[in-house]
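The values are calculated or read from the model by the stated rules, or taken from the named source; none is laboratory data. Keep in mind it's a predicted model, so treat the numbers as computed, not measured. Neighbour counts are summed over all protein chains in view; Cβ atoms, including those assigned to glycine, are modelled from backbone coordinates with ideal geometry. Just the protein is used for accessible areas: all its heavy atoms, side chains included, with ligands, DNA and RNA removed. Shrake-Rupley method; radii C 1.70, N 1.55, O 1.52, S 1.80 Å.
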Amino acid sequence: ATAYTVKVAAACSESDTSHWTSTVSFATACETYVVTEANPFAENFNALTAGIPLCWNNEEGTTTTAAQRWNYFATGYTGACLRFNSFVNYNGNTNMLKTPVLDITALATPRVTFMYKNPTGGDFSVFVSTDGGETYTTALATGLTGVTNWTPMSIALEELDATDSVVIVFQGTSNYGSNAAYIYLDNVVVEATPACLAP
């Protein structure tokens, strides 16, 4: 999970070096994040200045314009957040935001929590994958629309059959709405469910 930028030149002798090649950028593969009670998975997006965090993925869906997918937005619930654009994104276009692959086998009662708001945007739904994000047919929440204020969501994950390749998938669907037609996401946490829940 490290980003590199590389260019090379041939060292033909101590005094003779070729021109540099063009620059190539790549990132090494992301490891599975092992979630334990002492080590929850938490992403508040505050370190971002553009795009999405390393090891997250927003490539899937019918939204072809990169700027209209889930992307950095400066004003979140706390600091920055990610935002899906429903305003200039044609009606029915989708984009899936996928977490890194998570191993939650150490947790007896895992859950995912996050903050969201969706004032006038299209449908906001949450799915879970147990095969590293390849397929996700289990809906954790659907129809999260018409929410003007930042709202907490907590969803239990203990019913999963395979728990060492979990990916949480946040799906935005555009309704080509008004100027405020965006879906916002912040403070995503996968952790053990506390024995004493907050009211």
Taking segment 1-132, how much of its Cα-Cα pair set, in percent, is spaced more than 20 angstrom apart? 60 percent
Ratio to report: Rg/Rh of segment 137-189, with Cα atoms as the point set and Rh obtained by the Kirkwood method; give two decimals. 1.00
With x for Gly and Pro, the residue-by-residue ³J(HN,Hα) of segment 119-129, computed from phi through the Karplus equation 6.51 cos²θ - 1.76 cosθ + 1.60 at θ = phi - 60° and given in whole Hz, is x, 9, x, x, 5, 10, 10, 10, 10, 10, 10
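From the square roots a ≥ b ≥ c of the eigenvalues of the alpha-carbon gyration tensor of segment 117-167, which class results: rounded (a/c under 1.5), prolate (a/b over b/c), or oblate? Each step should come with its number before you reach the end.
Numbers: a/c = 3.25, a/b = 2.15, b/c = 1.51.
Prolate is the answer for segment 117-167, as a/c is 1.5 or above and a/b outweighs b/c.
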Can you tell me the order of 30-39, 98-107 when each peptide is scored by its average per-residue count of other Cβ atoms within 10 angstrom, highest first? 98-107, 30-39
In segment 1-67, carbon and sulfur make up what percent of the accessible area (probe 1.4 Å)? 54 percent
With no other cysteine's Cβ closer than 4.7 Å, which Cys residues of the chain count as lacking a disulfide-compatible partner? C12, C81, C196
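Normalised by the number of residues in segment 120-169, what is the relative contact order in percent for Cα pairs under 8 Å and 6+ residues apart?
The normalised contact order for segment 120-169 reaches 50 percent.
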Suppose a student asked you for the relative contact order of the chain, using Cα pairs under 8 Å spaced at least 6 residues apart; what percent would you report? 26 percent
Could you give me the radius of gyration and the Dmax of segment 43-199, taking only the C-alpha atoms into account and expressing both in angstrom? 14.9, 44
Stokes-Einstein D for segment 27-98 (10 °C, 1.306 mPa s, Kirkwood Rh from Cα pairs), in µm²/s, comes to 116 µm²/s
The answer for the chain, accessible area per residue at 1.4 Å probe in Å², is 53 Å²
Give the carbon-plus-sulfur fraction of the accessible surface of segment 75-199 in %, rounded to a whole number; probe 1.4 Å, heavy atoms of protein chains only. 51 percent
For segment 82-199 the mean separation of alpha carbon contacts under 8 Å (6+ apart) over residue count, i.e. relative contact order in percent, is 46 percent
So what are the radius of gyration and Dmax for the Cα set of segment 1-52, in Å? 19.1, 57
